1. Counting only the heavy atoms of the protein chains, how much of Lys3 is accessible to a 1.4 Å probe, in Å² to the nearest 10?
2. Roughly how many Å² of Asp162 are accessible to a 1.4 Å probe, to the nearest 10?
3. What is the distance, in nm, between label points placed 7 Å from the Cα along the Cα-to-Cβ direction at Ala8 and at His33?
4. How much length would be gained if the chain were fully extended between Lys147 and Arg166, taking 0.36 nm per residue of separation minus their Cα-Cα distance, in nm to one decimal?
5. What lysines does Lys45 reach when the alpha-carbon gap must be under 24 Å and sequence neighbours fewer than 8 apart in one chain are set aside?
6. Gain in length, Lys45 to Leu154, computed as 0.36 nm per residue apart minus the alpha-carbon separation, to one decimal in nm?
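The values are calculated or read from the model by the stated rules, or taken from the named source; none is laboratory data. This structure is a prediction, so every number in the text was calculated from the model and none was measured. For neighbour counting, all protein chains shown are included, and Cβ atoms are generated from backbone atoms with ideal geometry for every residue, glycine included. Keep in mind that these areas ignore ligands, DNA and RNA; they rest on the heavy atoms of the full protein, side chains included. Shrake-Rupley method; radii C 1.70, N 1.55, O 1.52, S 1.80 Å.
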Amino acid sequence: MAKQTRDAEFTEFVAARAPWLRKVAYLLCGDWHRADDLVQESVTKLYVRWSRLSRLENLDGYARTVLVNTFLAEQRSPWGRWAARRRTGAVPEPAAAGPDLDLSVDLRRALAALPPRQRATVVLRHYCDLTVEQTAAALGCSTGNVKSQTSRGLDALRRSLDQQDRQDRQHRQDRTDLPNLRDLRPAVPVEGAAS
(Lines give C-alpha, C1' and ligand atoms only; values in the text may rest on other atoms or scores of the structure.)
Protein backbone atom coordinates (compact mmCIF):
# COMPACT_ATOMS: atom_id res chain seq x y z
CA MET A 1 0.00 0.00 0.00
CA ALA A 2 2.87 2.38 0.83
CA LYS A 3 4.44 1.76 -2.58
CA GLN A 4 1.16 2.63 -4.31
CA THR A 5 0.89 5.87 -2.31
CA ARG A 6 4.51 6.71 -3.11
CA ASP A 7 3.98 6.01 -6.80
CA ALA A 8 0.78 8.09 -6.85
CA GLU A 9 2.58 11.04 -5.22
CA PHE A 10 5.45 10.73 -7.66
CA THR A 11 3.11 10.51 -10.66
CA GLU A 12 1.24 13.59 -9.49
CA PHE A 13 4.49 15.53 -9.04
CA VAL A 14 5.82 14.56 -12.47
CA ALA A 15 2.52 15.29 -14.21
CA ALA A 16 2.48 18.79 -12.70
CA ARG A 17 6.17 19.62 -13.27
CA ALA A 18 7.07 17.85 -16.52
CA PRO A 19 6.18 20.76 -18.87
CA TRP A 20 8.22 23.18 -16.77
CA LEU A 21 11.18 20.77 -16.54
CA ARG A 22 11.00 20.24 -20.31
CA LYS A 23 11.17 24.00 -20.95
CA VAL A 24 14.18 24.36 -18.66
CA ALA A 25 15.85 21.37 -20.35
CA TYR A 26 15.18 22.88 -23.79
CA LEU A 27 16.75 26.16 -22.75
CA LEU A 28 19.81 24.25 -21.57
CA CYS A 29 20.29 22.03 -24.62
CA GLY A 30 18.38 23.74 -27.45
CA ASP A 31 16.82 20.55 -28.81
CA TRP A 32 13.36 19.24 -27.88
CA HIS A 33 14.37 15.59 -28.28
CA ARG A 34 17.42 15.98 -26.05
CA ALA A 35 15.26 17.97 -23.60
CA ASP A 36 12.86 15.03 -23.39
CA ASP A 37 15.80 12.68 -22.77
CA LEU A 38 17.18 14.96 -20.05
CA VAL A 39 13.79 15.16 -18.34
CA GLN A 40 13.36 11.40 -18.56
CA GLU A 41 16.78 10.75 -17.04
CA SER A 42 16.17 13.33 -14.31
CA VAL A 43 12.73 11.94 -13.48
CA THR A 44 14.26 8.46 -13.24
CA LYS A 45 16.84 9.75 -10.75
CA LEU A 46 14.06 11.41 -8.75
CA TYR A 47 11.99 8.22 -8.70
CA VAL A 48 14.87 6.17 -7.31
CA ARG A 49 15.19 8.62 -4.39
CA TRP A 50 11.49 9.51 -4.07
CA SER A 51 10.87 7.96 -0.64
CA ARG A 52 13.43 10.37 0.85
CA LEU A 53 12.68 13.31 -1.46
CA SER A 54 8.93 13.51 -0.93
CA ARG A 55 9.63 15.03 2.49
CA LEU A 56 11.79 17.84 1.11
CA GLU A 57 10.54 21.38 1.46
CA ASN A 58 11.79 22.59 -1.95
CA LEU A 59 11.22 19.64 -4.23
CA ASP A 60 11.08 21.85 -7.33
CA GLY A 61 14.54 23.20 -6.57
CA TYR A 62 15.89 19.70 -6.11
CA ALA A 63 14.33 18.54 -9.38
CA ARG A 64 15.82 21.53 -11.19
CA THR A 65 19.24 20.83 -9.69
CA VAL A 66 19.07 17.19 -10.80
CA LEU A 67 18.12 18.34 -14.31
CA VAL A 68 20.97 20.87 -14.56
CA ASN A 69 23.51 18.40 -13.18
CA THR A 70 22.32 15.75 -15.63
CA PHE A 71 22.77 18.23 -18.49
CA LEU A 72 26.25 19.27 -17.33
CA ALA A 73 27.33 15.64 -16.81
CA GLU A 74 26.19 14.85 -20.35
CA GLN A 75 28.29 17.74 -21.69
CA ARG A 76 31.39 16.38 -19.96
CA SER A 77 30.92 12.85 -21.24
CA PRO A 78 32.57 11.63 -24.44
CA TRP A 79 29.10 11.12 -25.94
CA GLY A 80 28.13 14.71 -25.11
CA ARG A 81 31.30 16.07 -26.71
CA TRP A 82 30.72 13.94 -29.81
CA ALA A 83 27.09 15.05 -30.09
CA ALA A 84 28.09 18.70 -29.66
CA ARG A 85 30.57 18.42 -32.56
CA ARG A 86 27.90 16.87 -34.80
CA ARG A 87 25.41 19.67 -34.29
CA THR A 88 24.87 21.67 -37.43
CA GLY A 89 23.83 24.95 -35.87
CA ALA A 90 20.40 24.72 -37.48
CA VAL A 91 17.53 26.36 -35.65
CA PRO A 92 15.83 23.76 -33.44
CA GLU A 93 12.28 22.86 -34.28
CA PRO A 94 9.70 25.03 -32.53
CA ALA A 95 7.67 23.83 -29.58
CA ALA A 96 4.38 22.17 -30.47
CA ALA A 97 2.41 24.85 -28.65
CA GLY A 98 2.37 28.20 -30.39
CA PRO A 99 4.53 29.71 -33.11
CA ASP A 100 8.06 30.98 -32.50
CA LEU A 101 8.68 34.67 -33.05
CA ASP A 102 11.84 35.79 -34.85
CA LEU A 103 13.31 37.25 -31.68
CA SER A 104 12.78 34.10 -29.66
CA VAL A 105 14.40 32.01 -32.40
CA ASP A 106 17.39 34.37 -32.42
CA LEU A 107 17.59 34.23 -28.63
CA ARG A 108 17.40 30.44 -28.61
CA ARG A 109 20.12 30.24 -31.24
CA ALA A 110 22.32 32.61 -29.23
CA LEU A 111 21.60 30.70 -26.02
CA ALA A 112 22.48 27.40 -27.68
CA ALA A 113 25.86 28.85 -28.71
CA LEU A 114 26.86 29.50 -25.10
CA PRO A 115 29.13 27.02 -23.29
CA PRO A 116 27.14 24.67 -20.99
CA ARG A 117 28.04 26.34 -17.65
CA GLN A 118 27.25 29.83 -18.94
CA ARG A 119 23.99 28.57 -20.43
CA ALA A 120 23.07 26.89 -17.14
CA THR A 121 23.75 30.01 -15.08
CA VAL A 122 21.83 32.28 -17.48
CA VAL A 123 18.85 29.90 -17.56
CA LEU A 124 18.81 29.48 -13.78
CA ARG A 125 19.22 33.18 -13.08
CA HIS A 126 16.98 34.68 -15.74
CA TYR A 127 14.47 31.98 -16.66
CA CYS A 128 14.07 30.24 -13.32
CA ASP A 129 14.52 33.53 -11.40
CA LEU A 130 16.99 32.07 -8.90
CA THR A 131 19.20 34.31 -6.79
CA VAL A 132 22.98 34.15 -7.13
CA GLU A 133 23.14 32.07 -3.96
CA GLN A 134 20.44 29.64 -5.12
CA THR A 135 22.16 29.26 -8.49
CA ALA A 136 25.50 28.62 -6.79
CA ALA A 137 23.89 25.94 -4.62
CA ALA A 138 22.20 24.34 -7.65
CA LEU A 139 25.46 24.23 -9.61
CA GLY A 140 27.72 23.42 -6.67
CA CYS A 141 30.02 26.39 -7.19
CA SER A 142 30.82 29.76 -5.61
CA THR A 143 28.67 32.86 -5.93
CA GLY A 144 31.60 34.60 -7.64
CA ASN A 145 31.65 31.87 -10.27
CA VAL A 146 27.91 32.32 -10.86
CA LYS A 147 28.36 36.08 -11.24
CA SER A 148 31.23 35.76 -13.71
CA GLN A 149 29.53 32.99 -15.74
CA THR A 150 26.29 34.99 -15.87
CA SER A 151 28.12 38.15 -16.90
CA ARG A 152 30.06 36.36 -19.64
CA GLY A 153 26.94 34.59 -20.84
CA LEU A 154 24.90 37.79 -21.03
CA ASP A 155 27.74 39.58 -22.86
CA ALA A 156 27.94 36.76 -25.38
CA LEU A 157 24.14 36.84 -25.84
CA ARG A 158 24.22 40.60 -26.44
CA ARG A 159 27.02 40.30 -29.00
CA SER A 160 25.26 37.48 -30.81
CA LEU A 161 21.92 39.29 -30.91
CA ASP A 162 23.57 42.54 -32.02
CA GLN A 163 25.37 40.70 -34.82
CA GLN A 164 22.12 39.05 -35.89
CA ASP A 165 20.36 42.44 -35.84
CA ARG A 166 23.09 43.95 -38.05
CA GLN A 167 22.79 41.04 -40.48
CA ASP A 168 19.01 41.42 -40.60
CA ARG A 169 19.28 45.17 -41.28
CA GLN A 170 21.86 44.53 -44.01
CA HIS A 171 19.61 41.92 -45.57
CA ARG A 172 16.66 44.35 -45.56
CA GLN A 173 18.90 47.05 -47.03
CA ASP A 174 20.10 44.70 -49.77
CA ARG A 175 16.48 43.94 -50.67
CA THR A 176 15.59 47.63 -50.95
CA ASP A 177 18.60 48.23 -53.21
CA LEU A 178 17.14 45.96 -55.88
CA PRO A 179 16.38 47.81 -59.10
CA ASN A 180 12.84 48.73 -59.92
CA LEU A 181 11.32 46.31 -62.44
CA ARG A 182 10.48 49.20 -64.73
CA ASP A 183 14.20 49.97 -64.96
CA LEU A 184 14.75 46.50 -66.36
CA ARG A 185 12.61 47.07 -69.46
CA PRO A 186 14.51 46.73 -72.69
CA ALA A 187 15.72 49.99 -74.18
CA VAL A 188 14.40 48.95 -77.58
CA PRO A 189 10.66 48.26 -77.65
CA VAL A 190 9.80 44.61 -78.18
CA GLU A 191 7.46 44.02 -81.10
CA GLY A 192 3.94 43.25 -79.93
CA ALA A 193 4.57 44.34 -76.34
CA ALA A 194 2.29 46.90 -74.75
CA SER A 195 3.95 50.17 -73.92
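1. The value for Lys3 is about 120 Å².
2. Spelled out: Asp162, probe radius 1.4 Å, area about 90 Å².
3. The two pseudo-label positions are separated by 3.8 nm.
4. My answer for the length gained is 4.0 nm.
5. Lys3, Lys23
6. Using 0.36 nm per residue and subtracting the Cα-Cα distance, I get 36.1 nm.
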